[in-house]
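*Asks:* A single structure is presented below for examination.
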Amino acid sequence: MDRAWEADPPDVSSARSTGTLQVRPLSDRTGWQAAGEVSLATRIAWERTLDRLALEDVEVCHLELSAVTFVDVAGVSALAVAAQGLPEGRRIMIEQPPAAMGRVLDMFWPGLRGVEVVAR
């Protein structure tokens, strides 16, 4: 079964985003690699990825974002909610996120348990 998926923007004339989000499992550690943007148009794929991260039965689950060009505040919020729902002792390691993601996390969720950001 192919565990990768892509979310295309809805066919709605008022949609501003033309971005996509591709998500694939990491080959060398537990987690996912995302490429594209996290926005209203790709929200379902992003939330599906976060749901799958939460289901992994490991202490650290990696989310590699070096190829993500944009994450809106709602996308960061979905990440924070997913992290808050993790069992004690588990965390999501966010690797190379867009700079704004770390700033939004620090601004609205300072000291968030369950998320570790490894910046560029």
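The values are calculated or read from the model by the stated rules, or taken from the named source; none is laboratory data. In this text the structure is predicted, and so the values were computed from the model without any measurement. Neighbour counts run over all protein chains shown; Cβ positions are idealised from the backbone, glycine included. Note: accessible area is taken over every heavy atom of the protein model, side chains too, but ligands, DNA and RNA are not part of it. Shrake-Rupley method; radii C 1.70, N 1.55, O 1.52, S 1.80 Å.
*Asks:* Give the range 49-73 a look and list any residue that's surrounded by 14 or more Cβ atoms within 10 Å (Cβ to Cβ) and either outside any strand (DSSP E or B) or touching a residue at least 60 places away in the same chain (Cβ under 8 Å) (or both), or say none.
*Replies:* Passing the criteria: Thr49, Leu50, Arg52, Leu53, Ala54, Glu56, Asp72.
*Asks:* So which residues in the range 103-120 are farther than 13 Å from Gly75 by Cβ, open to solvent by less than 40 Å² (accessible area, probe 1.4 Å) and over 12 Å from the mean Cα position of the chain (by Cα), if there are any at all?
*Replies:* Correct list: Leu112, Gly114.
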